[in-house]
Amino acid sequence: MNSESVARELAEPNLRRLLSTAGLDVEYVSASGNTLYRQGANGEPIPVLDYAAGYGALIFGHNHPDIVARARELLDEQTPVLAQFSSHPYANQLAAELNRIIRRETGSDEPYYATFANSGAEGIEAAIKHAELDRVLRLSAVFEEIEASTRRVREEVRAGTATVPEGLGARLGLPRPAAGQDALDLLIAEIDRRNQRRRAKPPVFVALKSGFHGKLMGSVQLTHNEAYRTPFSALGAQARFVPCDHPEALKELLQDERGTLLQLTVADGGVRLVERDHHTICAVLLEPIQGEGGIRPLSRAFAQEIKAFAEEADCPVVIDEIQSGMGRTGDFLGATRLGLRGDYYVFAKSLGGGLAKASVTLVREGRYRPEFELLHSSTFAKDSFSCHIALKVLQMLEADGGQGYRLARERGAALAGMLRGIRTDFPDVVKDVRGHGLMLGFEFHDQSEATDDTLREAARSSMFGYVIAGHLLHAHAIRTFPTASAVHTLRFEPSVLLTDEEIDRLEHALRDVCALLREQAGHRLVLAS
């Protein structure tokens, strides 16, 4: 191997430089439980307490022995990873187990059909593609009804059993023709022109401000952060963003997107023009707890407003459970506490147990389109290895009457209590503590007007949270990051294996950070990095 070629950074070198400015460009060489081991200066492993936990992907920590043992069994059995376009009973078993758990939490017996993928963003892409297919097919059915009605009108006018009233064309701004059949032809042509123009309008997806749903071509358009979305705005789905806890914004949006389709019919021997309500809304997407937006829980009241909006718009609610699901909040579904049942669910992250890269999109039977199965596929999805690993994770969560969920609630309560205690002692430094279970956010007051030059510049350049993360790593051997779109908020998403001693370590580290911020000693934060 050429040492010169290896020394040159070719794997996202700009990102590497960014990490280095905050002291986060360290190499991790092994991992176990809540601990990552980084490479020391002399090659020795240095333990680091991991509170980022794969952005919430490690509900049972790094390399859990039971999951690793199952993975070894599968590899020793030479389980087929690439056996596409064949029977996958293990995928069906996984879908059935997900259905069983969702049925228990929602109380609904309606089944959900599964489409598998490899990542959360890909799962969101599958969801929005399926929602658009459903919208297109439903709209096609409406146009078939309109066309069938038009044919019946033609037949009755030709047979002399119906006439075109004077003034009907004037409603559409048409000139007055010489004869009844001519009038009808002009009407039909104008109606078709208007309907086709309405039909050509692109779908609109409703998403929430501060929401994050991925960075692929479609999913990035549903992510509110403009820095991620704007460079690619011409490529993907059109989204309308509404603020949380503002139901009036939902009402205004629905009114804005409302329009009509025109249809001809016959009543009492006369041709009539009927307006059919139509809108371009395709789906509503939400996270029960906005992860990258600053660990912001959705309120139960606003969730019910979204439900009412979706019912009026007759569009599906897509619940993004990629970070909040799989037991992280203390329930299997982050949406359980909201009393909101999804038409679609998307799971990823912890579904793979920290070893497999897997995601699944579930669509309830009343919304499901079987045609989708031949229009969407993924080479590595629905394989034996990832499905069996996911089944093992579900088995571990459900064991002993749901011990995994109880641990998430109990350990989350202990961690949240500690974080709130720090906020009480440093109200001038800590703005808020938010979240549920083991998905918690710790928000500092904005330092953009800090008296300390280092802190002020870090805040203004959106590097504040990363500077804090660098200090935690080097001064306290603790790993976490800010949330992507709210860089004054640190995320804490450890596994259910979290111990009291590990909580105490974090408390000591955060109190050190808060004391330095209170003193406006930014140089000491940076020196530690």
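The values are calculated or read from the model by the stated rules, or taken from the named source; none is laboratory data. What you see is a predicted model; the values in this text were computed from it and never measured. In this analysis, Cβ positions are derived from the backbone assuming ideal geometry, glycine residues included, and neighbour counts consider all displayed protein chains.
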Assuming residue 115 fulfils every condition listed in (1) in contact with a His (Cβ under 8 Å, 6 or more places away or on another chain); (2) free of Cβ contacts under 8 Å to residues at least 40 places away in the same chain apart from one, which condition is it? (2)
Within region 69-83, which residues are under 28 Å from the mean Cα position of the chain (by Cα) and modelled with pLDDT of 95 or more? 71
Could you check, for region 520-527, whether at least one of its residues is farther than 19 Å from residue 431 by Cβ, out of contact with any Cys (no Cβ under 9 Å at 6 or more places or on another chain), of a type outside the set (A, V, I, L, M, F, W, C) and free of Cβ contacts under 8 Å to residues at least 12 places away in the same chain? yes
One residue from 234, 227, 189, 249 being farther than 28 Å from residue 303 by Cα, hydrophobic (A, V, I, L, M, F, W, C) and part of a helix (DSSP H, G or I): 189
Out of all the residues in region 260-315, which are closer than 22 Å to residue 326 by Cα, touching a strand residue (DSSP E or B) at 6+ places or on another chain (Cβ under 6 Å) and not in a loop (DSSP other than H, G, I, E, B)? 284, 285, 286, 289, 290, 296, 297
Conditions: (1) closer than 27 Å to residue 338 by Cβ; (2) in contact (Cβ under 8 Å) with a residue 60 or more places away in the chain. Residue 259 meets all but one. Number of the miss? (1)
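Might you let me know whether region 18-28 holds any residue that is under 25 Å from residue 411 (Cβ atoms) and either touching a strand residue (DSSP E or B) at 6+ places or on another chain (Cβ under 7 Å) or not in a loop (DSSP other than H, G, I, E, B) (or both)? If you could, list the steps in order and put the result at the bottom.
In the first step, residues of region 18-28 are kept if they are under 25 Å from residue 411 (Cβ atoms); the result is 28.
Still in the list and also either touching a strand residue (DSSP E or B) at 6+ places or on another chain (Cβ under 7 Å) or not in a loop (DSSP other than H, G, I, E, B) (or both): 28.
Yes: one or more hits.
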If we keep only residues of region 216-268 that are farther than 18 Å from residue 307 by Cβ and of a type in the set (Val, Ile, Thr), then the residue nearest to the chain's Cα centre (by Cα) is 223
When residues of region 349-385 are filtered for being more than 22 Å from residue 33 (Cβ to Cβ) and either surrounded by 20 or more Cβ atoms within 10 Å (Cβ to Cβ) or of a type outside the set (S, T, N, Q) (or both), how many remain? 23
Does residue 281 satisfy the condition of being buried (at least 21 other Cβ atoms within 10 Å of the Cβ), β-branched (Val, Ile, Thr) and over 18 Å from residue 238 (Cβ atoms)? no
Taking the residues in region 474-503 that are touching a residue at least 12 places away in the same chain (Cβ under 8 Å) and part of a helix (DSSP H, G or I) as candidates, determine which candidate is farthest from residue 420 (Cα to Cα). 474
What number of residues in region 127-178 are part of a helix (DSSP H, G or I), of a type in the set (Lys, Arg) and more than 29 Å from residue 343 (Cβ to Cβ)? 5
Count of residues meeting criterion [crowded, with 23+ Cβ neighbours inside 10 Å and basic (Lys, Arg)] in region 445-492: 1
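Can you go through 170, 183 and tell me which one is more than 30 Å from residue 122 (Cβ to Cβ) and crowded, with 17+ Cβ neighbours inside 10 Å? Explain how you work it out, then say what you get.
Details: 170 fails: crowded, with 17+ Cβ neighbours inside 10 Å.
Going through 170, 183 in turn, the sole match is 183.
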